[in-house]
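A.B. asks: Below: one structure in structure tokens.
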Amino acid sequence: MEIKINGNLLDFSLDEENTLGEVLANLEGWLSNSGHRIANLSIDGNEVNASMVESAFSKKVESIKSIEIKTIIIADLTSESLQSLLKDIDDFENLNFDEKKNFHDTWKESAEAQYISAEIPDLFAYCVNTFLNGELNPLVLRSIVEEIQREVNEPADELKKIEPVLNEICDRLIELPLDIQTGKDARAAQTIQLFSAITEKIFRIVRQLDTQNYLDKTEKIKPLTQLITEFGNILKDLLEAYEKNDSVLVGDITEYEASVKIKELYTTILEQVKT
């Protein structure tokens, strides 16, 4: 069986795959890691449409001579969905009070809503809070969407821009034990919230850098995956200490571990971004 992806012949060998569905499942995972998604499929020169998928997937591989696959870049698909969402926000803001009540039921069936629900569930929850619950101002939702869109369209630039904010948060993490000791509870809570937000943003950008092939995988410096694992363990310890109300341990972790490790992680990512 011959497989072509975007016109290029794929060098592969079957392992234990017996059906087309099993072959495509493996290819989908590989393509996803490369930042692509299957957009079109043809078997022996015949295009497979939605109604034919189930029967096509059950085909035995020995009965197939050739498969042709066309892909779409996930980042492009995400960017298009976010652009459509910005238009949805415009439409929502122009509705009267009664019309807004019905907007969510129609919107959730749209292509962009279903894509965002599957790929960016946190953003989908924000959309529901705006379109259904009315708890999140559309202006705030717009700013969130625009931020994520910058992360998708220009991940390397967006990473560089957050350095001043990251430095400020690291300073606040070092000051956190003193804030706790002196009763500045509001400032301490805000520091934790800011730290959580910048951490989530860095992880989102890393995902984009990885899937869009910005990262140098031949690095000689400390592996990025190892740093992310170490940082994840620190976050787990911090969460447990925070939930137990152990202010001393929270302060120790933020000052001596979290502030150091997030800066090391950030610097390492910058060093691995291809120029």
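A.B. asks: Cβ neighbours within 10 Å, averaged per peptide: list 146-156, 160-170 in order, most packed at the top.
C.D. replies: Output ranking for 146-156, 160-170: 146-156, 160-170.
A.B. asks: Here's something else I'd like to know. Give me the net charge for the shell around residue 12: Cβ to Cβ below 12 angstrom, other residues only, Lys and Arg +1, Asp and Glu -1.
C.D. replies: Around residue 12, the surrounding residues sum to -3.
A.B. asks: Considering only Cα-Cα distances, which of the following residue pairs are longer than 24 Å: 70/201; 70/161; 161/236; 160/274?
C.D. replies: Beyond 24 Å between Cα atoms: 70/201; 70/161; 161/236.
A.B. asks: Between region 227-275 and region 146-225, what's the alpha-carbon centroid distance in Å?
C.D. replies: Between the Cα centres of region 227-275 and region 146-225 lies a distance of 10 Å.
A.B. asks: Further question: Mind checking which lysines have their C-alpha under 30 Å from residue 100, skipping anything on the same chain fewer than 8 residues away?
C.D. replies: Cα-Cα hits under 30 Å: 87, 108.
A.B. asks: Taking residue 59 as the anchor, which aspartates and glutamates have their alpha carbon closer than 18 Å to its alpha carbon, excluding any fewer than eight residues away along the same chain?
C.D. replies: Of all the aspartates and glutamates, those that pass the test against residue 59 - Cα under 18 Å, at least 8 places apart if same chain - are 2, 15, 16, 17, 22, 28, 44, 47, 68.
A.B. asks: In addition: What residues have an amide H closer than 5 Å to that of residue 40, excluding those fewer than 5 places away on the same chain, when H is modeled at 1.01 Å from N in the peptide plane?
C.D. replies: 70
A.B. asks: Run the dipole for region 91-149 about the Cα centre, Lys and Arg Cβ at +1, Asp and Glu Cβ at -1, nothing else charged, and hand back the magnitude in debye, nearest 20.
C.D. replies: Computed charge dipole of region 91-149: roughly 120 debye.
A.B. asks: Another question about this same structure. Dipole size in debye (nearest 20) for the chain around its Cα centre, Lys and Arg Cβ +1, Asp and Glu Cβ -1?
C.D. replies: Magnitude of the dipole: close to 320 debye.
A.B. asks: Another one. Sort 54-65, 250-261 by the packing proxy (mean of other Cβ within 10 Å over each peptide's residues), most packed first.
C.D. replies: Per-residue Cβ counts within 10 Å, averaged per peptide and sorted highest first, yield 250-261, 54-65.
A.B. asks: Once every DSSP H run of n ≥ 4 in the chain is given -39500 (n - 2.57) and the sum is divided by its residues, what mean residue ellipticity at 222 nm do you get, rounded to the nearest 500 deg cm²/dmol?
C.D. replies: -21000 deg cm²/dmol
A.B. asks: Related question: I need to check one value: relative contact order of the chain, counting alpha carbon pairs closer than 8 Å and at least 6 residues apart, in percent.
C.D. replies: After rounding, I find 17 percent.
A.B. asks: Projected onto the charge dipole of the chain (+1 at Lys/Arg Cβ, -1 at Asp/Glu Cβ, origin at the Cα centre), which of 170, 86, 196 gives the Cα projection farthest towards the positive end?
C.D. replies: The residue sitting most towards the positive pole is 170.
The numbers here are math on the coordinates, done by the rules we state, and not lab data. In this text the structure is predicted, and so the values were computed from the model without any measurement. Glycine also receives a Cβ, built like all others from the backbone with ideal geometry; neighbour counts cover every protein chain displayed.
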